[in-house]
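Take a look at the structure below.
Bear in mind that the values in this text are calculations on the coordinates, not laboratory data. Source: prediction; values computed, not measured. Counting neighbours? That spans all protein chains shown, and the Cβs are built from the backbone with ideal geometry, glycine included.
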Amino acid sequence: MHKKKDNIVGETLMFMLKTVKSEKPSLFWLYILKFAAEFVPTMFAIILPKYLIDELVLVIGGAPVEIHLPKIILCAGLIIGIALLANMLQNLANQLIDVQREWFNQYFETELSRHTMAMDFEHTEDPEALDKLAKAKDGMSWYSGGVAGVLDQMYNIIKNIAVLCGVTVLIIITCPWLIPVQLISLVLITILNAKNNKIEAENFLKLSKMNRVWGYVFYQLSDFRYGKDIRLYDSADMMCEKADSFSDKQVECWKGQQREMRPNNMWINIVNALRDGMSYFYIGFLAVTKAITIGDFQMCVNSASNLYWSLYNIVSSVQELHKRCSYAHRYLEFTAYPAAMEKGTKPVKNGEHTIEFSHVSFKYPRSENYVLRDINITIKSGEHLSVVGLNGAGKTTFIKLLCRLYDVTEGEILVDGVNIKEYSEEEYRRLFAVVFQDFQLFAFSLRENIALADTPDDERINEVLKLSGFYDDAHKLEHGLDTTLFKSFDEKGTELSGGQQQKTAISRALYRNAPVVILDEPTAALDPVAEYEIYRQFNSLVGGRTAIYISHRLSSCKFCDRIAVFADDTIKEYGTHDELAELPNGIYAEMFSAQAQYYVNCNV
């Protein structure tokens, strides 16, 4: 059920005001300065010309110049002086507000990233969550304008209410019938603007998903990591065609929005023309009949204009505030996105750990097909388990469940006899050091990529680099551990080879020094010699820790205590290398036999 718009606006405003109060309260004072720089000169610009014109009319009519000239000079001086001072203060306030605006844009971008990194992993593969993330980004940035975009509308409402009060007093005294003319036209224009706002809001929902897809395609076009594939497969034309297609869809959406709004805009122009015509006729009639002076005529014209525009700005700002708050509320909706998994609080005890899968079955969210069925396996502390099977057999899913990136659909996973759902998520994750097949390195220094911590231990980093076989190559880099990876932010950044990247990822896992090491295809990008070195130092790499290996290269299995063979969504075979290799018509035996030619000359 959707929240009422008033609740959305109220909730968003309270969030914005609390955020400003806690992070940058000086922003409130900048708006006060801006108010003083805009309201005061507006009122003086309405009133002072009346006295200047009346004095000039008297002089033209024959009044003594020496009596009225000082008043003329004073009025002119005040008009110029106030305008200059106001412009200086207004420019200063706007510049400082723009600085704060950019600061808050960065602040919310960081907070959104922080929340995205902390949310349940399941949501990162959920199209609904990804759409909400896209709407949160767009809604809090260029659609709502962020904190300053929302506060701008609040400021406009307050300032125009003050102007409205001032000019209403002047109009009631001099030309009261202007008020109903302005009010009637305002009501009509408000209705038309409300229709336009509704059209814009509906198009925002259409465009949010288009923007996400459009952005994805364009990121691929500009991302150097995809350069080889795009060139070697000559796919630049295909990528550009896709980009053009999504761009055309966006343009059509904008065109459709403008077509829908065009009749409303036409009627707005007609109402404005009628309002101005009636207002000038009425004020002109009063001036011709000498009911008001020429100075009063000028003041009435200015007052009428300010009356209408202050009323219009109040109403349009209220509408704009509703609209911007609705957009910004997408950020609050995303940050309040419900957790996919229940979180426990139980601490993980120190020492040895036994892992048990008990009748575990799993299917991915929004899928009807089970990926794993009735998995039963116990991994003792210090045991080295090799997980093998054909692609799609569920090996990586098995690891994701163990790391609690997803919760099981049926059954339970126990660590030391306790369901992992009962453990503190933060403490439970510390049990594991994982290198996934699709691991990611960042455009940071080599040191930061290995430690992923604020205070890296260089001695420990060098130890794990030696274990992974990357020590010599790492220290041959131009800046050693300080070498930046990739050229995303540093033109002198280093592009590591696939094997070097994999060794870096292995080093990262070893640096974590967790009791359970999980390596998903750890040698896929390594040459045979480097692969052999990894296996030769297997015991040194993992020490006495529990280790789980996923690999298609079955030579790794000979270094493990047990082997689990995944097939047909479950564990079909389980045992030692020698036991499984001798099973008649066994899956493992067949796979090992097929690869045997690669290991005949390998002393392993």
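Quick notes
- Under 5 Å, built H, 5+ apart or other chain: amide partners of HIS384: ALA547, ASP561, ARG562
- MET239/LEU414 FRET efficiency (R0 60 Å; Cβ-Cβ; nearest 0.05): 0.80
- Set of lysines with alpha-carbon distance to LYS71 below 20 Å, sequence-local pairs under 8 removed: LYS50
- With all projection directions averaged, the alpha carbon convex hull of segment 438-513 covers 4.7 nm².
- Principal axes of segment 5-335: Cα extent on each, largest first, Å: 90, 43, 42
- Against the main long axis of the alpha-carbon atoms of the chain, helix 26-60 sits at an angle near 20°.
- Rounded to 10°, Cα long-axis angle of helix 458-468 versus longest principal axis of the chain: 50
- Relative contact order %, the chain, counting alpha carbon pairs below 8 Å whose residues are six or more apart: 14
- The chain - convex hull of the alpha-carbon atoms, volume per residue in Å³: 217
- For THR570, the residues whose modelled amide H falls within less than 5 Å of its own, excluding neighbours fewer than 5 places apart on the same chain, are ARG373.
- Rounded to whole numbers, the Karplus 3J(HN,Hα) couplings from phi for segment 250-262 are 5, 4, 4, 5, 5, 4, x, 4, 5, 5, 5, 7, 4 Hz, using 6.51 cos²θ - 1.76 cosθ + 1.60 with θ = phi - 60°, and x at Gly and Pro.
- Ranked by how many other beta carbons lie within 10 Å on average, peptides 430-439, 326-335 from highest: 326-335, 430-439
- Among 62-71, 80-89, sorting by the average number of other beta carbon atoms lying within 10 angstrom of each residue, highest first, gives 80-89, 62-71.
- GLY389 long-range amide H proximity, modeled H, under 5 Å: PHE566
- Residue by residue, segment 143-153 carries 3J(HN,Hα) couplings of 7, 9, x, x, 4, 5, x, 6, 5, 4, 5 Hz when phi is fed to the Karplus relation 6.51 cos²θ - 1.76 cosθ + 1.60 (θ = phi - 60°); x denotes Gly or Pro.
- Lysines with Cα under 30 Å of LYS466, excluding same-chain neighbours fewer than 8 positions away: LYS380, LYS395, LYS400, LYS476, LYS487, LYS492, LYS503, LYS558
- Full extension of the chain segment joining PHE285 with GLN258 gains 5.7 nm, where the gain is 0.36 nm per residue of separation less the Cα-Cα distance.
- Segment 54-104 and segment 377-447 have Cα centres lying 71 Å from one another.
- Within-10-Å neighbourhood charge of HIS577 [Cβ basis; K, R +1; D, E -1]: -2
- Whether segment 344-407 is rounded, prolate or oblate, judged on the alpha carbon gyration tensor where a/c under 1.5 counts as rounded: oblate
- 0 to 90° range, to nearest 10: angle between helix 127-138 axis and the chain longest Cα axis: 40
- By average C-beta atoms within 10 angstrom, highest first, the peptides 306-312, 143-149, 278-284: 143-149, 306-312, 278-284
- Summed side-chain charge close to ARG460 - residues other than ARG460 whose Cβ falls under 12 Å, Lys, Arg +1, Asp, Glu -1: 0
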